[in-house]
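Contents: one structure, followed by commentary.
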Amino acid sequence: MTAAHGLSFDIAHMLAGGLVLVSFMMLYQDRLTALLHVLGLHAFVLSLSVAWQAHIQDAPGLYIAAGIALGFKAILVPQALRRMIFRMGLHREIETVGGIGLTMLAGIALVALSLRVMLPVTVHADPVAREDIALALSVVLIGLLTMVTRRNAISQVVGFMSLENGINLAATGARGMPLVVEISVAFSVLIAFIVIGVFLFRIRERFDTVDAVAIDSARGGQR
Amino acid sequence: MPDPVTAILLIPLAAAAILAILPDYRIGAALNIAACLLALLCALTLPWHRPAGGDYLLVDDLNIVFVLLNCFIGCTTSAFSASYIGHELQTGRLQPVHLRFYHAMFQVMLFGMNLALLANNIGLMWVAVELATLTTVMMVGLYRTAEALEAAWKYFILGSVGIALALFGTILVYLAARPSIGEGMDAMIWANLLAHAPQLDPSLLNIAFIFLLLGYGTKVGLAPMHAWLPDAHAEGPTPISAVLSGLLLNVALYALLRFKMLMAANPLAIAPGPLMAGLGLLSAIFAAFMLYRRRDIKRMFAYSSIEHMGIIVFAFGMAGPLGNFAGLLQMTMHSLTKSAIFFSVGHIAQVKGTQRMEDMGGLTDSHPVLGWGLVAGVAAIAGMPPFGVFTSEFLVVSSTFARQPILAVVLVAGLLLAFGALLLRLTDVGFGPVKGPAGPVRASYIPMLAHFALVLMAGIWLPPALVVWFQHVAVLLG
């Protein structure tokens, strides 16, 4: 292995690992505004990682995916959500289910699980993809954990976006994978719809809260 | 002559563009039917005139079955929807501007489903399933009531997570294929994947299949990922309930079957059958219990859809030529019967002004065609002869008895439970004293009757050509 290859591998590894760390940061944010800052950081690290993959794989298409991650997910969506929570007066504390310590432990367990699952089966894959996939699975699982530990609709959206960032990481790490840009556009459309959906909830004024528990209670009793 | 595959995809797209700007809802509804009919006609030519696929599209024996079913039910549902929405407009639940959106979305949804079925590329298939999901989410929330928005939100979040997991599985399949097929688009083309299936990395394929099963399984409505399904069926417009049950679940199932074929063709990968059979059986039993305490009529039939998807996935999981044949037949019968049930339920709920079963009664007296239609539908879906569902369920059970008697006993218990629940409700709703408003109904009965005629015919006499076709596909499915 040449030194240059070693360095490119290390940087890819560092950025992917950074994404996992930021995912952990998401788990213990107890304020919506802070959570949105972390979401922006998450997408920013992702865009760096995708751009680095574009560089080392010599795949110019991936720069577009990196651009989408930076412009749309790191700046536009967090800003839109931020304005929304200020207008709705939600910039206060958010509740979390279970304690932070327990959630962090669960997150650690999920990372261990994904490494344990992915590393043995990817022995034949190239090392960059191998690490990326394992770390990407960690990000996906922590994203799921974020979603299930939050009750607020906006923080569930944030959890989903971090999950989706993990999938983007996996897709870009798989060298030569086609349709990555198209898929990232498709996901952006999905997220735009989710954000608009949250927005619609508010402007329709059917709910005075975006707390998912309140949405559940809209079902009325048992039917 | 233009390529029928291109036509099947372009007609809905073009229709959607026109419908989005067409102001009059009557013309819109008529155009909606016309576009569906045109697509159906194109689909009907597929068995005889099969265009060569390419890197993106593929026509084979398996997906022709799905595309035909899709176009047919799309067509009958558009006819039902035309009579349904007029009433919704009168009662003020919908505004004309909603209907423009509704018709355009209906066509985009059909486009998404047809694209998913015809895709030769697992990435494209994923994008198409996502498109179909998004459009149905918007239609479920069409009424803008608290309940409808809640249902749409739940469907959205659960569906998105499912779809995200399916994409992760798709990426893993690509990684498994890359060493033997090479980098780039080739390694995502379905035909290549199947041709190289024995050389794919088995351990990566195993993990990929778990993600795909969970991801697409969410969209199939398998327990325990089914939570979105009853809400989405109950709160959306009834034509959407009909296409959700009749078509969208099938599309997700189709995606699952494609990957199952891949797994089955790789000798070193885990057998996909037991996983699917287990989840399917769990869903069927769970849904059978859940059928008992339903009060909302659409919600009840939604649980019945979970039950039937469970049976179908179970049949495909048992595999073998007989199991796959039974699964295919059960799927076809369920789609036809369940959408017909929703056609009649839609009109009934409009007449009664409610979906609560307590407030309905004596339908066979007050509205003979709708009432007896519902009775026939429930009898068919519960698996009574002479309807086609009986034939297919009998095949599922008998083929299981031959190989796994214990599983067959469990399955039969589930079927009987569901049978009991459905008949219990049916006697209240269909017979007895008339409850609730009994005004006249302006309904088009043709879609419902056409479906029942087909289901009845399948129960009495299956055309030999269809049997041969299904047998052939069953062998393909492995």
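The values are calculated or read from the model by the stated rules, or taken from the named source; none is laboratory data. The structure presented is a predicted model; accordingly, all values stated were derived computationally and were not measured. Methodologically, a virtual Cβ is constructed for each residue, glycine included, from the backbone with ideal geometry; neighbour enumeration extends over all protein chains shown.
Scanning segment B:167-187 for residues that are out of contact with any Asp or Glu (no Cβ under 9 Å at 6 or more places or on another chain) and touching a residue at least 60 places away in the same chain (Cβ under 8 Å) turns up B:GLY169, B:VAL173.
Rundown of residues vs (1) in contact (Cβ under 8 Å) with a residue 40 or more places away in the chain; (2) more than 20 Å from the chain's Cα centre (by Cα), yes/no style:
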residue: B:ILE8; (1), (2): yes, no
residue: B:ALA17; (1), (2): yes, yes
residue: B:ALA30; (1), (2): yes, yes
residue: B:LEU38; (1), (2): no, yes
residue: B:LEU46; (1), (2): yes, yes
residue: B:ALA52; (1), (2): no, yes
residue: B:VAL59; (1), (2): yes, no
residue: B:PHE66; (1), (2): yes, no
residue: B:PHE80; (1), (2): yes, no
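Out of A:ALA109, A:ALA129, A:ALA186, A:ALA136, which single residue is at pLDDT 85 or above and either at the interface with chain B (Cβ under 9 Å from one of its Cβ atoms) or in a loop (DSSP other than H, G, I, E, B) (or both)? Give the steps one after another, and end with the answer.
Values: A:ALA109 fails: either at the interface with chain B (Cβ under 9 Å from one of its Cβ atoms) or in a loop (DSSP other than H, G, I, E, B) (or both); A:ALA129 fails: at pLDDT 85 or above; A:ALA186 fails: at pLDDT 85 or above.
The unique qualifying residue is A:ALA136.
Only one of B:GLY377, B:GLY414, B:GLY383, B:GLY432 is at positive phi, out of contact with any Pro (no Cβ under 9 Å at 6 or more places or on another chain) and surrounded by 22 or more Cβ atoms within 10 Å (Cβ to Cβ); which? It would help to see each step written out before you state the result.
On the way: B:GLY377 fails: at positive phi; B:GLY414 fails: at positive phi; B:GLY432 fails: surrounded by 22 or more Cβ atoms within 10 Å (Cβ to Cβ).
After applying the criteria, what remains is B:GLY383.
Which residues, taken from segment B:113-130, are aliphatic (A, V, I, L, M) and within 8 Å of another protein chain (Cβ to nearest Cβ)? I'd like the intermediate steps shown before the answer.
Step one: list which residues in segment B:113-130 are aliphatic (A, V, I, L, M), which gives B:113, B:115-119, B:122, B:124-125, B:127-129.
Hits for segment B:113-130 are B:LEU124, B:VAL127.
Considering only segment A:24-70, state which residues are charged (D, E, K, R) and in contact (Cβ under 8 Å) with a residue 12 or more places away in the chain. Scanning segment A:24-70 gives A:ASP30, A:ARG31. Set side by side, the residues B:THR135, B:THR145 differ, and just one is within 24 Å of B:PRO96 (Cα to Cα) and more than 8 Å from chain A (Cβ to nearest Cβ), which is B:THR135.
Could we say that B:VAL455 is surrounded by 14 or more Cβ atoms within 10 Å (Cβ to Cβ) and of a type in the set (A, V, I, L, M) here?
Details: surrounded by 14 or more Cβ atoms within 10 Å (Cβ to Cβ): yes; of a type in the set (A, V, I, L, M): yes.
So B:VAL455 passes the test.
Only one of the listed residues (B:LEU253, B:LEU279) is touching a Leu at 6+ places or on another chain (Cβ under 7 Å), buried (at least 22 other Cβ atoms within 10 Å of the Cβ) and closer than 17 Å to B:PHE209 by Cα. That residue is B:LEU279.
Kindly indicate whether any position in segment B:323-340 is more than 29 Å from B:ARG442 (Cα to Cα) and of a type in the set (S, T, N, Q).
Within segment B:323-340, one or more residues are more than 29 Å from B:ARG442 (Cα to Cα) and of a type in the set (S, T, N, Q).
So is B:MET309 hydrophobic (A, V, I, L, M, F, W, C), at negative phi and touching a Leu at 6+ places or on another chain (Cβ under 6 Å) or not? Judged against the criteria, B:MET309 is a match. For segment B:177-204, filtering for residues that are within 9 Å of chain A (Cβ to nearest Cβ), hydrophobic (A, V, I, L, M, F, W, C) and surrounded by 24 or more Cβ atoms within 10 Å (Cβ to Cβ) leaves 3. Within the set A:GLY173, A:GLY159, A:GLY166, A:GLY197, the sole residue that is under 30 Å from B:LEU124 (Cβ atoms), at pLDDT 70 or above and at the interface with chain B (Cβ under 7 Å from one of its Cβ atoms) turns out to be A:GLY197.
Quick check on my filter: what residues within segment B:381-392 are in a helix (DSSP H, G or I) and either more than 17 Å from the chain's Cα centre (by Cα) or over 20 Å from B:MET300 (Cα atoms) (or both)? First the steps, then the outcome.
Keep residues of segment B:381-392 that are in a helix (DSSP H, G or I), which gives B:381, B:388-392.
Answer for segment B:381-392, where residues must be in a helix (DSSP H, G or I) and either more than 17 Å from the chain's Cα centre (by Cα) or over 20 Å from B:MET300 (Cα atoms) (or both): B:GLY388, B:PHE390, B:THR391, B:SER392.
Of all positions in segment B:206-224, none carries a residue that is assigned to a helix (DSSP H, G or I), in contact with a strand residue (DSSP E or B) (Cβ under 9 Å, 6 or more places away or on another chain) and surrounded by 24 or more Cβ atoms within 10 Å (Cβ to Cβ).
Within segment B:218-233, identify whether any single residue is more than 8 Å from every other protein chain (Cβ to nearest Cβ) and on the phi > 0 side of the Ramachandran plot, and answer yes or no. Checked segment B:218-233: at least one residue is more than 8 Å from every other protein chain (Cβ to nearest Cβ) and on the phi > 0 side of the Ramachandran plot.
Might you check whether a residue that is over 26 Å from the mean Cα position of the chain (by Cα) and closer than 21 Å to B:PRO272 by Cβ occurs anywhere in segment B:116-130?
Of segment B:116-130, the ones over 26 Å from the mean Cα position of the chain (by Cα) are none.
No: zero hits.
The set of residues from segment B:148-172 being at the interface with chain A (Cβ under 7 Å from one of its Cβ atoms) and charged (D, E, K, R) comprises just one member, B:GLU150.
Scan B:PHE470, B:PHE452 and give me the residue that is over 21 Å from B:VAL67 (Cβ atoms) and either at pLDDT 90 or above or not in a loop (DSSP other than H, G, I, E, B) (or both).
Details: B:PHE470 fails: over 21 Å from B:VAL67 (Cβ atoms).
Just a single option satisfies the conditions, and that option is B:PHE452.
Among the residues of segment A:79-102, none qualifies, meaning not one is crowded, with 18+ Cβ neighbours inside 10 Å and modelled with pLDDT of 90 or more. For segment B:10-52, filtering for residues that are under 16 Å from B:LEU118 (Cβ atoms) and outside any loop (DSSP other than H, G, I, E, B) leaves 9.
So that you can scan it fast, the table gives a plain yes or no per residue for (1) of a type in the set (S, T, N, Q); (2) in a helix (DSSP H, G or I); (3) buried (at least 24 other Cβ atoms within 10 Å of the Cβ):
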{"site": "B:PHE286", "(1), (2), (3)": "no, yes, no"}
{"site": "B:ALA302", "(1), (2), (3)": "no, yes, yes"}
{"site": "B:GLY323", "(1), (2), (3)": "no, yes, yes"}
{"site": "B:SER335", "(1), (2), (3)": "yes, yes, yes"}
{"site": "B:HIS347", "(1), (2), (3)": "no, yes, yes"}
